[in-house]
1. Please go through segment 366-382 and pick out each residue that is open to solvent by less than 20 Å² (accessible area, probe 1.4 Å) and in a helix (DSSP H, G or I).
2. Looking at (1) closer than 26 Å to Met169 by Cβ; (2) part of a helix (DSSP H, G or I); (3) of a type outside the set (A, V, I, L, M), which one does Asn390 not meet, given that it meets all the others?
3. Which condition breaks for Lys132 when tested against (1) without any contact (Cβ under 8 Å) to a residue 60 or more places away in the chain; (2) part of a loop (DSSP other than H, G, I, E, B)?
4. When only residues in segment 164-220 that are in a helix (DSSP H, G or I) and of a type in the set (D, E, K, R) count, which is surrounded by the most Cβ atoms within 10 Å (Cβ to Cβ)?
5. Would you point out which residue out of Leu270, Leu354 is in a strand (DSSP E or B), in contact with a Gly (Cβ under 8 Å, 6 or more places away or on another chain) and open to solvent by less than 10 Å² (accessible area, probe 1.4 Å)?
6. Would you check which residues across segment 475-498 are under 30 Å from Thr227 (Cβ atoms) and either touching a residue at least 60 places away in the same chain (Cβ under 8 Å) or of a type in the set (Phe, Trp, Tyr) (or both) and list them?
7. Any idea which residue in segment 40-73 is nearest to Asn159 (Cα to Cα), counting only those that are assigned to a helix (DSSP H, G or I) and aliphatic (A, V, I, L, M)?
8. Can you tell me which residue is farthest from Ile80 (Cα to Cα) among those in segment 383-395 that are open to solvent by 40 Å² or more (accessible area, probe 1.4 Å) and modelled with pLDDT of 90 or more?
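The values are calculated or read from the model by the stated rules, or taken from the named source; none is laboratory data. From a predicted model like this one, the values you see are computed outputs, not experimental measurements. Here the Cβ is made from the backbone with ideal geometry for all residues, glycine too, and neighbour counts use every protein chain on show. Only protein heavy atoms, including side chains, enter the accessible area calculation; ligands, DNA and RNA are left aside. Shrake-Rupley method; radii C 1.70, N 1.55, O 1.52, S 1.80 Å.
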Amino acid sequence: MAPPSAIEVSAVSDTTGVTLPNPLTAPVQSNDIYGRRKKTDRAQWGTAAPANTANFRLRSHDHKPKAKSWQHYFSHEAQIRKGNSLKNAAKYLSTPGIISLGGGLPSSEYFPFEELSLKVPTVGKFSETETKKSGVVVTAGKHDLAENKSTYDISTAFNYGQGAGAAQMLRWVTEHTEMVHDPPYEDWRCTMSIGSTSGLDMALRLLARPGDMMLSEEYTFSAAVETARPMGVRVCGVPIDAEGLLPEAMDDTLSNWDVNARGSRKPHLLYTVPTGQNPTGATQGTERRRALYKVCQKHDIYIVEDEPYYFLQMQPYTGPNAPDVPPPKSHAGFLKSLVPSLLSMDTDGRVMRLDSFSKVIAPGSRIGWLTASAEVIDKYQKHADVSTQNPSGISQLVLFKLLDEHWGHAGYLDWLIYIRMEYTKRRDTILASCAKHLPREVMSWNPPMAGMFHWMQVDFRKHPDYPAKSIETIEEEIFLKVIDHGTLVMRGSWFYADVEESHDTLFFRATYAAAPAEKIDEGIRRLGEAVREEFGLVKANGGLGSSS
């Protein structure tokens, strides 16, 4: 059943001046946030209708400062891009009585889909078993909009759309962003993406030029490096600790930047994964993020905040065999437990936040969104309109039916709390397995507080063939030995920000996201055996590890 006021069919006044209840304190079933929405004209939801995310915010932000301009960092490509003139013409489709012989929009009469049905979890009954038994079937018809059944239907979603995404989903992510992050400047906007990797690709096209260097953690998401390098953008690794990127080290790097030695102008971009960082699993605390933001202000650095794991912040780790920490008692309590985002601290509009449904709903949805200043979003949308176009209409419709019409914002928060608890169990499983099976003589780790990854350091100096064998050789031999034992872990060197820098650490990355508990335990056991064999270590029972 659709939530109250989910269907707007006529223009009415907005809610300015009305006392609005807090959506997080209302019962889940009421989805009270829908009663707070500003009503818009029906044409807002039509095929290829352009949308302004500012219209979807639930309260006024006029009292906040405006974002700084980032015109001085825009690439030549971004400055000359004019957007898609044919998509710009779509704004005239809402003109009353107009007969469109312009845009090449196929008639939905020829879409071979009449109805789309999905079985999804009910709020509070999220497990796969419960969904099979008591899940709800939600249905989208071809002409639900014309029949006043919904604001989004097959005829709209399956046609061409704007690069910003469908207004229906754009409204939802805007409300979510406002509720969770409440950016502290006035002219913040959202736009849809086809995932954060594409978002980063387009951000670099927008804000960098060949020969630039971009700052990042010294171990970083490999696809980020692989995206940047073909554009002529190198990555400068900043030292990290258990809490992630070190602001003092970044300040030192920037303050002493030598253009001749580095072969590049001083960086103006920072790419960071602050929560559950891939690959290290590190999470920047609140004060760490504030200090990082101050360094970026000092050196006028623009921040790309990539946060696919933000809602995979887990319960505190209390050690093996300790009682479980109870889940948050309310939606407000859950949101308060999250480390504040860089976006929520951004008074300058210097953060482009990349959000994604990949880690919390499904990677194959290929749906995400960006939040940044209106100036930056405008440039991004012009690029999207002539490249990725709109995110998949099928995916947008599926997520709309689940998130907007079925769960609502409150139900989505319940889902996030559920997966928080599930990932906490998996994290605790891999930590218990590591304590049981790995050789502490040569391996060490910190408990991850968020994300999907467990980062394990190996003391290569204790290898019997060091220093005759290099770090890279020892890493490769361990990697192949682990494969021989029937387990796959990722080599830390695959995540170097700059492969040309010298490195004196050796790591492996494991994930606890992909396998059930018994497989995690067995995989770690095999890892431990392989490392013991490689280092010639004796197990506690007096024997060498075996490959059995």
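1. First, pick out the residues of segment 366-382 that are open to solvent by less than 20 Å² (accessible area, probe 1.4 Å): 367-373, 376-377, 380.
Val376, Ile377, Tyr380 - these are the residues of segment 366-382 that are open to solvent by less than 20 Å² (accessible area, probe 1.4 Å) and in a helix (DSSP H, G or I).
2. (2)
3. Only one criterion is unmet by Lys132, namely (2).
4. Pass one, segment 164-220, residues in a helix (DSSP H, G or I): 167-180, 196-207.
With the extra rule that they be of a type in the set (D, E, K, R), the set shrinks to 171, 175, 178, 201, 205.
On the way: Arg171: 25, Glu175: 22, Glu178: 19, Asp201: 21, Arg205: 20.
That would be Arg171.
5. Values: Leu270 fails: in contact with a Gly (Cβ under 8 Å, 6 or more places away or on another chain).
Unique residue meeting the criteria: Leu354.
6. Passing the criteria: Phe479, Met490, Gly492, Trp494, Phe495, Tyr496, Ala497, Asp498.
7. Of segment 40-73, the ones assigned to a helix (DSSP H, G or I) are 42-45, 53-56, 71-73.
Within this subset, residues satisfying the condition of being aliphatic (A, V, I, L, M) are 43, 54.
Numbers: Ala43: 15, Ala54: 24 Å.
The qualifying residue nearest to Asn159 (Cα to Cα) is Ala43.
8. We begin by selecting, within segment 383-395, every residue open to solvent by 40 Å² or more (accessible area, probe 1.4 Å); these are 386-389, 392, 394.
Retained after the next criterion (residues that are modelled with pLDDT of 90 or more): 392, 394.
Numbers: Ser392: 27, Ile394: 32 Å.
Selected residue: Ile394.
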